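Student: Handing you this structure, nothing more for now.
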Amino acid sequence: MDTEQNPNRIFESDRDRVYAAETSAGGDFRFDDAVARVFPDMIRRSVPGYTTIIPMIGVIAARYARPATICYDLGCSLGAATLSMRHSIPHPDCRIVAVDNSEAMIERCSHYVALDDGPLPVELQCADIQSMTLDNASVVALNFTLQFIPVQQRQPLLERLRQALTPGGALILSEKIAFADEQEQARQLELHHDFKRAHGYSDLEISRKRSALEQVLIPETLDQHRKRLGEAGFSSITLWYQCFNFVSLLALAPETDPTR
Ligand code: GEK
């Protein structure tokens, strides 16, 4: 695969019909085999900007990756961000560690990684990102993953990530967000649903998925994310992407870190 053939490094997959079937109503959303099978189609048709964010993670990683360090993709799903970094980072002695706690995702991800011809080594781990060991990281991608971590556990996780980052290292944090202002929240949600309708989801599918995600994906406001990142010790926080209620932030570890 070269960039000409697959500029976004996002894979083809079956059409997402997970919430189209009568039997799909009820139960919390899970990253199981049925979801992993249609995941590329699901995320592309559900997350405005995903097809822009993936190649930009490669661009950002190329700037912040340092020789002989590790670049982590946490909550890697099928490895779209992993492969974007793999083809962009200019240091041959870097390696990428991609982690997900869904066996179905890691199993499929291993096929995509094996088929890909990128130069950097990729290690896949089926693990919970809250308990795994992290070290010597120059780049960490949390691309739409923190939103699935229980709210009280987000701060300790970000603190561990910041400690694992080398001075000046980068965290790329993409999230679905909420808005404090009720009217803005309603407007942005409406636009997100318009985006999904424009990509072929029915109102019933949209509403079933929304109910399934209610207890699983907890969005927070941009201010809450900025505050938490600051408290975790990140020194500069840049909003580099927003489309409706989906954002991506770049947070840098301080150049000199007193705790290291
Ligand atoms: C992409 N980043 O395509 N530990 C490990 N993995 C987790 C955990 C956890 N505690 N919680 C959730 N996940 C990807 C997209 S999807 C986003 C990320 C979405 C994993 C979960 O199994 C799933 O694969 C991923 O985080 C979230 O760039 O589906 O909206």
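The values are calculated or read from the model by the stated rules, or taken from the named source; none is laboratory data. Given the structure is predicted, the values throughout are model-derived calculations rather than measurements. Quick reminder, even Gly has a Cβ in these numbers, built from the backbone with ideal geometry, and neighbours come from all protein chains shown. SASA here: full protein model, heavy atoms, side chains in, ligands and nucleic acids out. Shrake-Rupley method; radii C 1.70, N 1.55, O 1.52, S 1.80 Å.
Student: Quick one: if the Förster radius is 25 Å, what FRET efficiency do ALA34 and HIS199 give, using the C-beta to C-beta distance and rounding to 0.05?
Tutor: Numbers: r = 19 Å, r/R0 = 0.76.
Efficiency, from the Cβ-Cβ distance: 0.85.
Student: Mind pulling the angle between the C-alpha long axis of helix 103-115 and the longest principal axis of the chain? Nearest 10 degrees, somewhere in 0 to 90.
Tutor: 60 degrees
Student: Kindly identify the range 109-260 as rounded, prolate or oblate by the Cα gyration tensor criterion: order the square roots of the eigenvalues as a ≥ b ≥ c, call it rounded if a/c is under 1.5, otherwise compare a/b with b/c, prolate if a/b is larger, else oblate. It would help to have the intermediate numbers written out before the result.
Tutor: On the way: a/c = 2.05, a/b = 1.37, b/c = 1.50.
Taking the square roots of the gyration eigenvalues as a ≥ b ≥ c, the range 109-260 is oblate.
Student: Let's see if you can work this out: charge +1 on each Lys and Arg Cβ, -1 on each Asp and Glu Cβ, no other charges. What is the dipole magnitude of the chain about its Cα centre, in debye to the nearest 20?
Tutor: It works out to roughly 340 debye.
Student: Still on this structure, please answer the following. If you plug each phi of the range 79-89 into the Karplus form 6.51 cos²θ - 1.76 cosθ + 1.60 with θ = phi - 60°, what whole-Hz ³J(HN,Hα) values come out, in order, with x for Gly and Pro?
Tutor: Going residue by residue, I get x, 4, 5, 4, 6, 4, 5, 4, 8, 10, 6 Hz, with x marking Gly and Pro.
Student: Nearest 5 is fine: what % of DSSP beta bridges in the chain come out antiparallel, could you say?
Tutor: Roughly 40 percent of the beta bridges in the chain run antiparallel, per DSSP.
Student: A further question follows. Would you pull out the residues with amide H under 5 Å of ILE177's amide H, same chain only if 5 or more places away, H placed 1.01 Å from N?
Tutor: Counting only residues 5 or more places away or on other chains, the set is PHE246, VAL247.
Student: Rg and Dmax of the chain, Cα atoms, in Å?
Tutor: Spelled out, the Cα radius of gyration and Dmax of the chain are 17.8, 56 Å.
Student: Short version: ³J(HN,Hα) in whole Hz for each residue of the range 209-214, in order, from phi by Karplus 6.51 cos²θ - 1.76 cosθ + 1.60 (θ = phi - 60°), x for Gly and Pro, what are they?
Tutor: 5, 4, 5, 5, 8, 3
Student: What are the residues whose amide H is under 5 Å from the amide H of VAL140, where those residues sit 5 or more places off or on another chain and H is modelled from the backbone?
Tutor: Counting only residues 5 or more places away or on other chains, the set is TYR72, ALA170, LEU171, ILE172.
Student: Here's another thing I want to ask about it. May I ask you to evaluate 6.51 cos²θ - 1.76 cosθ + 1.60, the Karplus curve with θ = phi - 60°, for each residue of the range 144-154 and list the ³J(HN,Hα) values in order in whole Hz, giving x for glycine and proline?
Tutor: 6, 10, 4, 4, 9, 8, x, 3, 5, 9, 6
Student: Same structure, new question: With a 1.4 Å probe and every protein chain left in place, work out the accessible area per residue of the range 131-220 in Å², rounded to a whole number.
Tutor: Values: 4000 Å² over 90 residues.
Value for the range 131-220: 44 Å² per residue.
Student: When the Cα centres of the range 29-80 and the range 167-240 are compared, how far apart do they sit, in Å?
Tutor: If you average the Cα positions of each part, the centres end up 16 Å apart.
Student: Accessible area of the chain with a 1.4 Å probe: how many percent of it is carbon plus sulfur?
Tutor: Values: 5930 of 11910 Å².
Here carbon and sulfur together make up 50 percent of the probe-accessible area.
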